[in-house]
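Beneath this line is the structure, given in structure tokens, with notes to follow.
The values are calculated or read from the model by the stated rules, or taken from the named source; none is laboratory data. Remember, predicted model here, so these are calculated numbers, not experimental data. Every residue, glycine among them, receives a Cβ derived from its backbone with ideal geometry; neighbour counts consider all protein chains shown. Accessible surface areas use protein heavy atoms only, side chains included; no ligands, DNA or RNA. Shrake-Rupley method; radii C 1.70, N 1.55, O 1.52, S 1.80 Å.
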Amino acid sequence: MLGAAFSRLGIAAMHVMAWLPLAWLRLLGAALGYALHALAWSRRHVVRTNLALCFPGLPEKERRQMARQVFVHFACAWLDRSWLWHGSEARALARLQLTGELQALQAAGPVVIFAPHFVGLDAGWTALTLGLPRALATIYTDQSNKVLDAWILRGRQRFGRGKLFGRGAGVRPVLESIRQGDALYLLPDMNFGPEESIFVPFYGLPAATVPSLSRFARLARARVVPVVTRMTPGGYQVQVLPAWTDFPTANAAADTALMNHRLQGYINAMPAQYYWVHKRFKTRPAGQPTVY
């Protein structure tokens, strides 16, 4: 009951913050990010561990600085949901720059969008629902807090014809959506446990990774189009990259390893904006010790 009350209070604050100039909101985000870095010690440990595993050649001082930047970007992106979900459409359009190979998403035929877990993932979704003539679909993990869950669902369905499928809905309705012409906005670069994952390299380490990008692309006979969202001082740049011409193959493990390899290139261009707060290496191969 108390959690729901706090959630409603927080959502009311987001309504108010939607009116703030972006520079003010980013200052608030920076303050919140530094506070989280200082106080959320367990999550700070996760971020620092991830960075140490993935960037072992980076000096410790630089990794600690990057960890602080991760929390700042995370907090800023969370506060930016105020204007994404409660601000005017004109304000969202002014702050979202959709660039790149848009024809790869507009051309006829099934499409699966590879959308890595950068902090601007909701900004990328909003930009595409505003800027594309075709409907989008995505797979959604239910939140235990039902007030927060309803708020997120409303925000993500605000523009366009967005469809959200619960993770427990299975493959069939998602495939049907793709075949009907919806572009699937897929975020497969996370650890969902050993039941759904296979181990493939990520920064040279075995990482439990869902092979869903290969699976959906193969079953729907869809082209895969990467979309990378970068936070900028003026909002977000949502870049549509060229469709992959060598994906998928008949080998899901090889496809998933290739996905992680290409993802590393996207991350290396803006490492502090990746979602390092996630326990990416929580699931370990048999016999290997925990890293967190």
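Between P242, P248, P289, the distinction of being without any contact (Cβ under 8 Å) to a residue 24 or more places away in the chain and assigned to a loop (DSSP other than H, G, I, E, B) belongs to P289 only. I need the full set of residues from region 117-143 which are among the hydroxyl-bearing types (S, T, Y) and assigned to a strand (DSSP E or B), in order please. T138, Y140, listed by residue number. Listed by first and then second residue, the pairs linking a residue in region 150-170 that is over 18 Å from R81 (Cα atoms) and of a type outside the set (S, T, N, Q) to a residue that is open to solvent by 40 Å² or more (accessible area, probe 1.4 Å) and in a helix (DSSP H, G or I), with Cβ atoms under 8 Å apart and 6 or more places separating them unless they lie on different chains, are F165/P173.
Note on region 231-242: residues that are touching a strand residue (DSSP E or B) at 6+ places or on another chain (Cβ under 9 Å) and surrounded by fewer than 19 Cβ atoms within 10 Å (Cβ to Cβ) total 5. Please determine whether any residue of region 99-112 is under 27 Å from L258 (Cα atoms), open to solvent by 50 Å² or more (accessible area, probe 1.4 Å) and among the aliphatic types (A, V, I, L, M). Yes, there is a match, as at least one residue in region 99-112 is under 27 Å from L258 (Cα atoms), open to solvent by 50 Å² or more (accessible area, probe 1.4 Å) and among the aliphatic types (A, V, I, L, M).
Looking at T141, T99, which one is β-branched (V, I, T) and at pLDDT 90 or above?
None of the others qualify; the one that does is T99.
Per the conditions (1) within 30 Å of A30 (Cβ to Cβ); (2) among the charged types (D, E, K, R); (3) part of a loop (DSSP other than H, G, I, E, B), the sole criterion not satisfied by R230 is (3).
Note on region 243-276: among residues that are in contact with a helix residue (DSSP H, G or I) (Cβ under 9 Å, 6 or more places away or on another chain) and of a type in the set (F, W, Y), the one that is most open to solvent (accessible area, probe 1.4 Å) is Y275. Going by what's in this entry, would L186 be described as under 16 Å from the mean Cα position of the chain (by Cα) and modelled with pLDDT of 95 or more? Taking the combined requirement at face value, the residue satisfies it.
Annotation: of all residues in region 78-91 being within 28 Å of Q180 (Cα to Cα) and not acidic (D, E), the one that is surrounded by the fewest Cβ atoms within 10 Å (Cβ to Cβ) is W85. Could you please give the count of residues in region 199-222 that are under 20 Å from the mean Cα position of the chain (by Cα) and either among the aromatic types (F, W, Y) or open to solvent by 50 Å² or more (accessible area, probe 1.4 Å) (or both)? So the answer is 5.
Any residue in region 114-132 that is crowded, with 20+ Cβ neighbours inside 10 Å, at pLDDT 95 or above and over 22 Å from I152 (Cβ atoms)? Within region 114-132, none of the residues are crowded, with 20+ Cβ neighbours inside 10 Å, at pLDDT 95 or above and over 22 Å from I152 (Cβ atoms).
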